[in-house]
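Notes for the one structure printed next.
Each reported figure results from applying straightforward, stated rules to the coordinates on display, with no laboratory input. Everything numeric here is computed off the predicted structure, so don't read it as measured data. Every residue, glycine as well, gets a Cβ built from its backbone with ideal geometry; the counts of neighbours run over all protein chains shown.
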Amino acid sequence: MSSHEAWIREPLVLGDKSYHDISNDIAKPIEGKANKQWWIVFTISVIAMLWGLGCIMYTIGVGIGTWGLNKTVEWAWDITNFVWWVGIGHAGTLISAVLLLFRQKWRMAINRSAEAMTIFAVVCAALFPGIHMGRIWMAYWVLPLPNQLGSLWVNFNSPLLWDVFAISTYFSVSLVFWYIGLIPDFATIRDRAARAAKPISHAVYSIMSFGWSGNARAWHRFEEISLVLAGLATPLVLSVHTIVSMDFATSVIPGWHTTIFPPYFVAGAIFSGFAMVQTLMLVMRKVVNLEEYITINHIELMNKVIMLTGSIVGVAYITELFMSWYSGVEYEQYAFLNRASGPYWWAYWAMMTCNVISPQVFWSKKLRRNITFTFILSIVVNIGMWFERFVIIVTSLHRDYLPSSWIMFYPSWVDIGIFVGTLGIFFTFFLLYARTFPVLPIAEVKSILKSTGSQYKK
Amino acid sequence: MSTKEIHGLFADEEVLKASAKALVKKGVHIKDVFSPFPIHGIDPIIGVPPTRLHIAGFIYGLVGMSLALFMFWFTLIMDWPMNIGGKPNFSLLENLPAFIPVTFEMTVFCAAHGMAVTYFIRNTIYPGKKNWNPDLRTTDDKFLIQIDLGENSVSVEEIEAILKETGAEEITQK
């Protein structure tokens, strides 16, 4: 049968699927019961989450003196974790927005879960600035509200305030974008529940689907709003990590005060985000039997993005090194020499190995299409990207201008607890999502079936 | 005036499109089409006018931008100028470079949320709204043409004949 697409492109939906099969396959995890593995992983995640929440409450009750911070290193794991989580979130928006603008059909299989990942990651990220305030009950001071202090307004010149606006805009816009896409799929689940006579899930999904009926006018507006929101989300995602990088770049700390930071951080964010998408998708496609939708082809395409952004990150590292030497500023030169050969050399070389060398193996097609290898590498990249932020933050701070202030940073059990807790929050949310939300966009997969389904490409 | 409706159910969007074309050619007015995913090219056939959602989005964006600029001017220039690193606190224009990031964020914030709210209002969907698709299978794998007889002068028999001829799987009257 003739197809709508060049035969050289690999099919994105395998197996001879009908529209009804797609609904069945994607609705199955929601309509079925959770298996034992799900409960085990969920229990571990909830325990980690509760432990983290306990550590957060301890921090709020006692103060941030419970962390390993000191007078020299006054910013460490909190901001490292913040930047790491925000970065992970970026892949979701990139997949849903940028790939939509580029009309990349392969985004359809992964966008829903990548967007969910974005939202949960931003929740984890937003926790850190909140608890770092020390007095979290004063958090509303970051908003430009009329107040009793002689109308002392917030400082719009400060990158930290730009961050408040960037993160809240990013979170809320991603949430709306995600939800608008979910509404038609909730309607599919709702009508399936009605036909199977399941009153409770019908009632729940009725509310969640907002009464979506799939009429032509609604679909017409749906396509329009998806396109315009993608157009808005694309510069938004670039602006968010640019602003995060400006938290550092606008300061005068050696190693932070560089103009390369915005593009370098954005590339790093996409790099780490895609690695996290790989980690999650490789497990999810297996657990909920979606291997025919998230195919080896999808994995290879994502690996190509990882390789590209990893290479950009590598170029940025080397440019930074070159510029510190070329600038002739001895503070800059020392900062980078100290990173590579000082007491934190192991963190620096862990970052270099994980982020610069390891993604280069993806030049090999065989390794790009190897699932086990991809899974291991995705975790390596995530570790590497955490170390990148740690290296930037702690190695620049721990050698202050006065050698008498030189010191090392050691995380306290509360630091570690909160980080583990955010992993718990993330996975708890993601596991709940995987059981109750359609993890693939049902409507959008149906819309690409005729152009990319394997039975139409024969 | 009768309020009766005819529903033609199809298994394929291309077949539905051809059928809709045949119906419109005979002068039948199609009330609406229900489908599990957007059918490309159906809008001009059944006469759905292009949406103006993007224009609304642009206006919301302008509102957001103006709001942000007014906020900077009022708080940091007019009401309580502060010396922050020697930045020009007496002029909005001269201090503008530092205000660009938040201006951008506010523009996007208002454009995106304004558009989303408009989208919900125009589609008349909200939590608690009851769905009105005539057949529950239209969110799964079926496609439906809805014809309101009150809006049509073509006879029922004729409409049914066209639907049948062009490949409708089921034809129901309500």
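Counting other Cβ atoms within 10 Å as a rough exposure proxy, the listed residues A:R389, A:R135 run A:R135, A:R389 from fewest neighbours to most. For chain B, find the longest principal axis of its Cα atoms and tell me its angle to the long axis of helix B:53-72, 0 to 90°, nearest 10. Tilt relative to chain B: about 20 degrees. Calculated FRET efficiency, A:W363 to A:S158, Cβ-Cβ distance, R0 = 41 Å: about 0.45 to the nearest 0.05. Equivalent ellipsoid of the range B:53-122: semi-axes from √(5λ) of the C-alpha gyration tensor, largest first, are 30, 10, 8 Å. Shape descriptor for the protein assembly as shown: Rg over Rh equals 1.02 (Cα atoms; Rh from the Kirkwood inverse mean 1/r). The calculated FRET efficiency for A:W51 paired with B:E169, based on their beta-carbon distance and R0 = 56 Å, is about 0.50. Of the residues A:A233, A:S341, A:M408, the one whose Cα sits farthest toward the positive end of the charge dipole of chain A, with +1 on the Cβ of Lys and Arg and -1 on the Cβ of Asp and Glu, is A:A233.
Entry note, the range B:53-122: relative contact order of 53 percent, from Cα contacts under 8 Å with a spacing of 6+ residues.
Counting only Cβ charges, +1 for Lys and Arg and -1 for Asp and Glu, the dipole size of chain A around its Cα centre is about 1500 debye.
What is the range A:281-383 by shape, rounded, prolate or oblate, if you read a ≥ b ≥ c off the alpha carbon gyration tensor as root eigenvalues and call it rounded for a/c under 1.5, prolate for a/b larger than b/c, and oblate otherwise? Prolate, because a/c is 1.5 or more and a/b exceeds b/c.
When only the Cβ of Lys, Arg, Asp and Glu is charged (+1, +1, -1, -1), the dipole of the range B:1-133 relative to its Cα centre reaches about 600 debye. Taking Cα atoms only, the orientation of helix B:13-25 departs from the longest principal axis of chain B by about 70 degrees. Once the Cα-Cα distance is subtracted from the 0.36 nm per residue extended length, the A:Q333 to A:I376 segment shows a gain of 12.0 nm. Summary value for chain A: 36 percent relative contact order, contacts being C-alpha pairs under 8 angstrom separated by 6+ residues. Here's how it looks for B:F10: its modeled amide H is under 5 Å from those of B:F143, B:L144, B:I145, B:E169, which are all 5 or more places away or on a different chain. Looking at A:L423, A:L50, B:A22, which one has the Cα that reaches farthest to the positive end of the dipole of the protein assembly as shown (charges on Cβ: Lys, Arg +1; Asp, Glu -1)? It is B:A22.
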